[in-house]
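Trainee: Sharing a structure, written as structure tokens. Questions coming.
The values are calculated or read from the model by the stated rules, or taken from the named source; none is laboratory data. Treat the numbers as computed from the prediction; the structure is a model and nothing was measured. When we count neighbours, we look across all protein chains shown, and the Cβ atoms used for this are built from the backbone with ideal geometry, even at glycine.
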Amino acid sequence: MLRRKLLLAVAAAAAALTALTAVILYNYKQEQTRPSPSEVNAWVTTGDQSSLLAPQEPFLFRDSADTEGETAQSGLPVIKVNPDQEYQTMDGFGASVTGSSAFLINQRMSNDQRNALVKDLFSPEGIRLSFIRHSVGASDFSVDADGNPASYTYDDTESGEDYGLERFSTAKDKDVTGLLQRIVDTNETVKVMGTPWTAPPWMKYGEQIHNGWYLNYAEPRVYAAYAQYLARYIQEYKALGIPIYALTVQNEPEFTTADYPSMSMGAEEQALFIGNYLGPELQRQGITSKIVAFDHNWDIAGSYTQTVLGDAKANAYTDGTAYHCYAGSPEVMSKVHEAHPEKEIYVTECSGGAWSEDFGDNLTWLMSKLIIGGPRNWAKSVLLWNLALDAEGGPTNGGCSNCRGVVTVDGQWQSGYSRNVEYYALGHASRFTDPGAVRIGSPQAGGIENVAYRNPDGSIVLIALNPGDEDRTFSVEWAERTFSFTLQARSAVTFKWQS
């Protein structure tokens, strides 16, 4: 009898152990299929400048199931980050190394100051800019070795033509190429885009000058020579260790002025030049640099881009179109994308200046229209104008007299420079979003503007802006996890977490 009771007890214990094991295994499997808690890092810039890309105390996601009632009851807007909803692949963020910027950094800073600035702008220890534009020849921000205004191309002649490009030389770009080489050494993955403001004067119709007019359409040899001129520029920069990733055909082609180097180029002419001359010439020489059309303001983009991209020959050689911020709104880029989804979109120029000095206003505009609004309307790059200017907004070459650089080179600072609002706006994207990142789904919610990316390493980046005049609290939802955050008025935040 005792033996029987003992056997029953052992059997009961075994059954209990089996049941307990089953429960443990079930719970384990549930935990394995549930997303693990992820740490969220955040950096904030406030309109009152109390925080400037300032890191916040890291925090964890919470289970959405645990907070669903709280969120619904509070009525908080929710940004639902969806990594399965993919858009464009990003090239990066940056600014222009103009002749003025290069002169100031090379000639008005000590070597230690210069190294520190380049490190701050282009290395992982700073804001890690990844895309640079520069002018092919002179622009409205070009100077000579003494800092005086200078207009030039790579093939200027005292008289007559030079169809063989025998006088071609990039020597006057010495400050620019020197700085670009330093930047490429600091960040070897940085992309460089070239943009001409004018062709050599001897190629132009009418007065043969740098400032204004247009190509001599009556002389077919001009188009062939100009295509060879641009190809020669790409090859010579490559020989200097500066690979040219992309070339826009003409800066602001619908505008010409006697005040600084410029040249008009109508849409039909640009299509002809790309399709019959520039594209075939680059292909003949084995040059793979991308050809980018337009490069002007949002408000006049429609008919121009349609004419170029609607031309079969030009379309075959054209990678995409580029835009400036000075008129219109970024939504026009989405319309171009709808018409030509296979073509890339770039924001290539936008400048702040003394016309708007309030930090909070500028931060809000830059984040809304460019850092968030640009990529949300398919831009794969966002570039500002001058990388550096002095305290007077110069030195200039007949253009904007009150523009502001990403940084200001000023001897009153021990570092040799000060950071402007443009630095912080760019930094909210460039420091955390890697080249090759893919924009992913993140619908706008409750007045909080945002854009999200998945980096090549799988990490998620969410950039958000509160453009309003009052603090706002919102929730972020991702993979059955959520967190809430309060953002001050006219302030921006970047969140980053591992996927």
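Trainee: Any chance segment 173-185 includes a residue that's out of contact with any Phe, Trp or Tyr (no Cβ under 9 Å at 6 or more places or on another chain) and either assigned to a loop (DSSP other than H, G, I, E, B) or more than 30 Å from V118 (Cα to Cα) (or both)?
Mentor: Checked segment 173-185: no residue is out of contact with any Phe, Trp or Tyr (no Cβ under 9 Å at 6 or more places or on another chain) and either assigned to a loop (DSSP other than H, G, I, E, B) or more than 30 Å from V118 (Cα to Cα) (or both).
Trainee: Identify the residue in segment 269-321 that is among the hydroxyl-bearing types (S, T, Y) and more than 20 Å from G194 (Cα to Cα) and, among all such residues, is surrounded by the most Cβ atoms within 10 Å (Cβ to Cβ).
Mentor: Y304
Trainee: Please verify whether segment 105-114 includes one or more residues that are part of a loop (DSSP other than H, G, I, E, B), in contact (Cβ under 8 Å) with a residue 40 or more places away in the chain and either closer than 27 Å to T248 by Cβ or not assigned by TED's automatic domain parsing to the domain that holds T170 (or both).
Mentor: So far as segment 105-114 goes, no, none of its residues is part of a loop (DSSP other than H, G, I, E, B), in contact (Cβ under 8 Å) with a residue 40 or more places away in the chain and either closer than 27 Å to T248 by Cβ or not assigned by TED's automatic domain parsing to the domain that holds T170 (or both).
Trainee: I'd like to verify a number: residues in segment 453-492 that are farther than 28 Å from K380 by Cβ, modelled with pLDDT of 95 or more and part of a loop (DSSP other than H, G, I, E, B), how many?
Mentor: Residues meeting the conditions: 6.
Trainee: Now, a different point. Where the second residue is in a loop (DSSP other than H, G, I, E, B) and modelled with pLDDT of 95 or more and the first is over 19 Å from I372 (Cβ atoms) and lies in segment 316-336, which pairs have Cβ atoms under 8 Å and are six or more apart or on separate chains?
Mentor: Going by the 8 Å Cβ cut-off, the qualifying pairs are T318/K343; D319/K343; G320/K343; T321/K343.
Trainee: Which one is surrounded by the most Cβ atoms within 10 Å (Cβ to Cβ), of the residues in segment 206-258 that are hydroxyl-bearing (S, T, Y) and within 23 Å of K380 (Cβ to Cβ)?
Mentor: The selected residue is T248.
Trainee: Of all residues in segment 380-397, which are part of a strand (DSSP E or B) and either at pLDDT below 95 or surrounded by 22 or more Cβ atoms within 10 Å (Cβ to Cβ) (or both)?
Mentor: S381, V382, L383, L384, W385, N386, A388, L389
Trainee: Which numbered condition trips up R472, out of (1) crowded, with 19+ Cβ neighbours inside 10 Å; (2) in contact with a helix residue (DSSP H, G or I) (Cβ under 6 Å, 6 or more places away or on another chain); (3) charged (D, E, K, R)?
Mentor: (2)
Trainee: Sticking with this structure for a sec: Is it fair to say Y260 is in the same structural domain as V347 (by TED's automatic domain parsing) and over 21 Å from T89 (Cα atoms)? Spell out the reasoning first.
Mentor: Values: in the same structural domain as V347 (by TED's automatic domain parsing): yes; over 21 Å from T89 (Cα atoms): yes.
Yes: the conditions hold for Y260.
Trainee: Here is a follow-up. Inside segment 275-310, can you point out the residues that are touching a helix residue (DSSP H, G or I) at 6+ places or on another chain (Cβ under 7 Å) and closer than 12 Å to Q228 by Cα?
Mentor: Within segment 275-310, Y277, L278, G279, E281, L282, Q285, I287 qualify.
Trainee: Looking at A218, A224, A199, can you tell me which residue is among the aliphatic types (A, V, I, L, M), at pLDDT below 95 and in the same structural domain as T257 (by TED's automatic domain parsing)?
Mentor: When all the criteria are applied, what remains is A218.
Trainee: Can you name every one of the strands (runs of 3 or more DSSP E) wholly within segment 398-452 that holds 2 or more residues which are outside the structural domain of W478 (by TED's automatic domain parsing), touching a Phe, Trp or Tyr at 6+ places or on another chain (Cβ under 9 Å) and over 28 Å from R472 (Cβ atoms)?
Mentor: In segment 398-452, the matching strands (runs of 3 or more DSSP E) lie at 407-409.
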